[in-house]
Amino acid sequence: MAAAPPPQQPDRPSTSGGLGYFHLRLVGPAPALLLLRSDRLYSLSLSRRRGYRLRLLLARPHRRSARDLLLSTSGCALRFTHRFYGAEAPSVNGRPFRARIPAELAVGDEVSVLRRGARYGFVVERFVSCEGVGGGAAARAGSCVEGLVFRAESLRKRLRAISESEDPLSFLRDSNCSRNGGPDAGELCLDNPTNPVSKKYLLQDDCNLDQDKLEHHIEAAKGVDLDPDAELCQGSKGCGDDSAEQAGCSNGNEEQHHIEGCHSDGSTFFLNRLVGIGSLSDTRAEPQNGVTLPQLLHPVETLVRVFIATFTSDIPWFLDYCKIPQHLPVTVACHNKERCWSASSENRMSAPFESHPNLLLVYPRFPEEIAFGMDRKKQGVACHHPKLIVLQRENSMRVVVTSANLVPRQWHLITNTVWWQDFPRRTSVDYAALFSATDEQNSDFAAQLVSFIASMVNEVPSPSQAYWINEIAKYDFEGAGGYLIASVPGIHAQSPPYLESNYFLSAKHIIHAKSANRMFVGSVQTSVVGLSHRFNMPSNAGSQLRALSTFLGKCRENMHGTTEVILKRNTNIPADANAVSVLVADLDKFSEEGSVQLGFLPREVAKWVAPLSDSGFFNFSGFIYPREALEAAFGVTNTKVQLLLYVSKGPEFSRISELICDGHFPPLCSLIASLKRCLGLWRLEEVLSNIKWPETLETDFIYSASSIGTSINPQFIATFASAAGKRPHQDFDSQESDPEWGCWTAKHELKKPSISLLFPTIDRVKKGICGIQLCRNLLSLPEKTWQRLRSTGIFHDAMPQPYARIGYPMHVKVAQRCFKSRPGGHSFGWTYCGSHNFSPAAWGQLLSPPSKANATEVRAAGPRLHICNYELGIILISPPPGKSKHASESRHKIENISLPFVVPPPRYKWSDRPATRLAMREAAAEVCVQQSNNVVDLSDDTDEDVPDEDNEQEIELSDCSHQEKEEEKIYVEALWGQVDSSQSQDKD
């Protein structure tokens, strides 16, 4: 986390020369008070004299018993290390503690160990400093000399530990001892567990918890008895009894100060705080990392509204753990396999908590076009997978993008990334910011955020639906530290460029005026409904067809093969007051009498197009493919005709903040959700293509994910690398017209893999804190994907860092591409963190053109991107020197971003095997045999359950066409039945 470090406390001074005494109260059969000098190494062992009891000895490093409890008091910090295994392993405050991993104890901590059926241990009662505030110069000088001698001895021992290490470079990289005063005594470095001895023992059985310990960790992760404040600051717990009020001691106000100091400027991301790495170990090992969910929400009393998007959720835990007020409006968008595929909008929301009546659960819709066979009932590969938290306060709005779901284990036992930034309130509402583009000078953060939220809540009844659309316009996102990268399920076409329009929809009459590029907002992909009824049923269908053929034959196609049509409001049709007709005419000699009506806008589109046009906020114009319209009219095809709806600022757009009313927000939300924007791979390319990345200076291109898709192949990897800016060296400066010239292709990928994929080995998973239990539903790598890609050499082990996190599962989705100008020179590049796993379901898969399609059909269809999941992440860019287009990027330094894994990552050895589903099933079976009982089953409380992509089929563009539904036919029949009479009334 980004809170400022707490002030020095009496029991944790920064100098190693301070003297004092720790008071330890023994518990058990023989209680006693022990005094430990603050610059010694002690051995606490069991004695048989007069019955078993604990005894304290001044330890000798070369004669330590293998089963001693070691107490180091160097630097006025009390650290505890043990060498017990199994059931006899000691616990700190009731939490099992691993052998050879030191814990820094604070006043009030209790250590206990079970020995021969009896419980022994001690409580740290107090710390008394021997150096008063007014100590003389002699005292200070003596202390200084003693400190120098101690530090010299520590340095000598540290150098010996480095020389004896099997991997000195890894030892230096992982160790924090140098800045924390060095090793305490003997061969153990108790300031940070990074030494050859402790690394060796990390490979032993003590990294696994038995069933009782696993259950304890799961209970601890529920957060019922955890104090989130204590993990940030030790508070008065770390102060001496006689100096609780002196400067530097932390009290309740100090704790509050540190929680409020949970600040980030958006230039980097952080990690969540894990149970067992907080106050029970050296917090200095993670000086800038470790944030809790309550810290992000603090203070909850000032929250006005909360929006959360997550995959899995434990709402009762969240309400209790974060102390959510009962009156606070909270919207949670989450995944549900049945509800998200439901055709009923009422079935995609619920308010199940009577104690929190303002809490609404939303299950975002999966579109039919990604379902198997275009049938919603058959469902498909889809997942609502983002992890987003938006916290609104009166004066600021905090946006949190994380990889952690809203469940306790993901925040307490599993490493996740957390990015956040606070944005100030504007002096006036700015709706224009909701429609800004990436290539503009201003940030498009607000536009991306509001568009993503709108896509999830578009069907929620007002006012919940439109609330965030209006509120986001009240805050200033210009200083955003990164770019949002969103994925939304569907089959998406690329956003067409601006096209000049001549006719616009209006409430009263058709407006003939040329549009301006600066007024262009975006485009919407929709269709024309009602052709089959119009040209097949009426008696004059033949004359209508001839007129349509004449008009379309005279029309001029633009460079994209489309031609403009006329949109007309039908205000006199009782069947739908929002009806919008689509007319085809000779645009050079346009007259409404000399036009042919092709059909209507779909009801769901017309219901927001009409009011936004009537209000004058936006102008709408339409374009169709002439050949497609003719084929549909003549009955060659029974599919709907595509219509590109272009949106531009209307005459009243500048006054929208003055004129907008409650009735405008639902249509505005639908418009924002419908506007075409770059998603997935195309969004990645949009953000990174503005910079020319020097290929020859690349040092790393890595991607760590907890799930790797079934359909991963060299083609997808090359597509991802190309979207991320990867280019072949020889083609880097080429200006050839070939669209693939200079692009990174599957041929390049097969010749020289571009990306290193980080995924833990099965051995690393088995030796984790809880073995395979926490990873069974967390990690996903199909065996056949591993077998297909193992020969490429792209797999690397995901080794957590900092060192204290080794043994804890990682759920991070982090990518980074790094460059260095010269050895020892300036580094730059980009870093991604968020919810995207490395799969086509998350990033999207490019669809190939129909095998039998002609050139016109291919041009009409255009490139398409098939995305299955809702996802959200953030890109942090550190551009090459002098290449920054945006001032906000100048503060980014890629060296300041601490990755949660070791870089460069260790490549898989020939004997390594990733933690595939098959490998974890086999490991679970081995544990069952060894323990002669069942492995603890955590499947009922799934952290991740990424759908299997084995059934995902390759989709061609021809499969993406849509036929009119029965309800649409009923709608257009009612309109056609009334349109002629309304036109007659207009003439009269």
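The values are calculated or read from the model by the stated rules, or taken from the named source; none is laboratory data. Treat the numbers as computed from the prediction; the structure is a model and nothing was measured. As a convention, Cβ positions derive from the backbone with ideal geometry for all residues, glycine included, and neighbour counts pool all protein chains shown. Heavy atoms of the whole protein, side chains included, go into the accessibility calculation; ligands, DNA and RNA do not. Shrake-Rupley method; radii C 1.70, N 1.55, O 1.52, S 1.80 Å.
A few comments on the model shown:
- Segment 541-580: C-alpha gyration tensor shape, a/c 1.5 cut-off, then a/b vs b/c: oblate
- From phi via Karplus (6.51, -1.76, 1.60), per-residue ³J(HN,Hα) for segment 354-367 in Hz, x at Gly/Pro: 5, 6, 10, x, 9, 9, 10, 9, 10, 10, x, 7, 9, x
- Note on ASP586 and ASN896: their simple-model spin labels are 6.6 nm apart, each label 7 Å out from Cα toward Cβ.
- Highest-first arrangement of 400-413, 794-807, where packing means the average Cβ count within 10 Å: 400-413, 794-807
- Highest to lowest packing among 350-359, 605-614, scored as the average C-beta count within 10 Å: 605-614, 350-359
- Shape call, segment 598-670: gyration tensor on alpha carbons, a/c limit 1.5: prolate
- Between THR637 and GLN544, residue separation times 0.36 nm minus the direct Cα-Cα distance comes to 31.7 nm.
- Of LYS752/LYS820; LYS323/LYS378; LYS378/LYS909; LYS378/LYS784, those spanning more than 32 Å from alpha-carbon to alpha-carbon: LYS323/LYS378; LYS378/LYS909
- Here the label points at ILE510 and GLN978, each 7 Å from Cα along the C-beta direction, are separated by 2.2 nm in the simple model.
- As a fraction of the 1.4 Å probe accessible area of segment 452-601, surface on carbon and sulfur atoms comes out at 49 percent.
- Spin-label model distance (nm) - SER791 vs HIS729, 7 Å beyond Cα toward Cβ: 2.5 nm
- Taking 0.36 nm per residue of sequence separation and removing the Cα-Cα distance, the SER654/GLU500 pair yields an extension gain of 53.3 nm.
- Protection-proxy order for peptides 94-107, 808-821, each taking the mean of Cβ atoms within 10 Å per residue, highest first: 808-821, 94-107
- Net charge of Cβ neighbours under 11 Å - reference VAL609; Lys, Arg +1; Asp, Glu -1: +1
- Relative to the current alpha-carbon distance between SER355 and ASP662, full extension at 0.36 nm per residue lengthens the span by 107.7 nm.
- Charge tally in the Cβ shell below 15 Å around ARG425, where Lys, Arg are +1 and Asp, Glu are -1, ARG425 excluded: -1
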